[in-house]
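Notes for the one structure printed next.
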Amino acid sequence: MNTSGKGFLKRFRSLDFYRKHFKRLIDVERKAQMEEHLAEIRRLSGREREKRGRALLGMRARYMGVGVGGMHLVRYTREDMPETEISVGDVVLVSSGRPTGREVQGTVYEKGKTFITVAFSEKPPPYALGRRVRIDLFSNETTFRRMEEALELLDGHPLLDILLGERC
């Protein structure tokens, strides 16, 4: 590391070390976002989160079976589904009431005007298959996936030596 008058410069031994360093930071940010959502869940009512587009209340579940990759698919429907920030690829908490953070998590697989399909790694518990299910945004994964994908595209980049701290 160089702390000369030109400011702080971090040097990386290789692109692999660079990727590991920034993937760790991406994970730290992802966890912070999850904590932020949990804090909001504790602070706001379900209706307030729904108004902000970060929750869907009163959803009706229908188990769709096992899909690609062995994921268990559940379609949640509601005729008057409001606008929501929840989108395909996001991690959601599925609960039957006010979530604590220990509820089953799934990934939004598909979304339509009156439904949202969530993929679970294991068959979800009975409460997630009910008639009055709540879905809360837990992590907006799109941004994190794009950051991770960008790290994978660095091989042969013309500015790689600058990124690694080999030259300014």
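Listed values, structure above:
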quantity	calculated
Those trypsin sites (Lys or Arg not before Pro) in segment 73-168 that DSSP places in a loop and that have at most 10 other beta carbons within 10 Å	Arg102, Lys113, Arg131, Arg167
Added length on full extension, which subtracts the Cα-Cα distance from 0.36 nm per residue, Glu148 to Leu160	2.7 nm
Fully extended contour minus Cα-Cα distance, from Ser96 to Thr114, at 0.36 nm per residue	4.6 nm
Distance violations [Cα-Cα > 31 Å] among Lys23/Lys51; Lys20/Lys51; Lys31/Lys111; Lys20/Lys111; Lys23/Lys111	Lys23/Lys51; Lys20/Lys51; Lys20/Lys111
Estimated dipole of segment 27-147 in Debye, rounded to 20 [Cβ of Lys and Arg +1, of Asp and Glu -1, Cα centre]	400
Under-5 Å amide H pairs with Phe138, H placed in peptide plane, nonlocal only	Val91, Val92, Leu93
Note, ³J(HN,Hα) from phi for segment 115-121, Karplus 6.51, -1.76, 1.60, rounded to Hz, x at Gly and Pro	8, 9, 9, 10, 9, 10, 6
Taking Glu149, Glu29 and counting other C-beta atoms within 10 Å, the order from fewest to most	Glu149, Glu29
Residue exposure sequence - Asp16, Asp27 - by fewest surrounding Cβ within 10 Å	Asp16, Asp27
Cleavage-rule hits (GluC sites (Glu not before Pro)) in segment 42-116: DSSP loop, at most 10 neighbouring Cβ within 10 angstrom	Glu79, Glu83
Separation of alpha-carbon centers, segment 143-157 and segment 6-85, rounded to whole Å	19
Using alpha-carbon coordinates, inclination of helix 141-152 to the longest axis of the chain, degrees	30
Within the chain, helix-based [θ] at 222 nm, where runs of 4 or more DSSP H residues each add -39,500 (n - 2.57), nearest 500	-9500 deg cm²/dmol
Long-range amide H partners of Met64 with built H, under 5 Å	Leu73, Val74, Arg75
Packing-based exposure ordering (other Cβ within 10 Å, fewest first) of Val133, Val92	Val133, Val92
Degrees, to the nearest 10: 15-43 long Cα axis against longest axis of the chain	40
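Since every read-out is calculated from the coordinates, none of them should be taken as a lab result. Because the structure is a prediction, the values reported are computed rather than measured. Note that we place each Cβ from the backbone using ideal geometry, even for glycine, and neighbour counts take in every protein chain shown.
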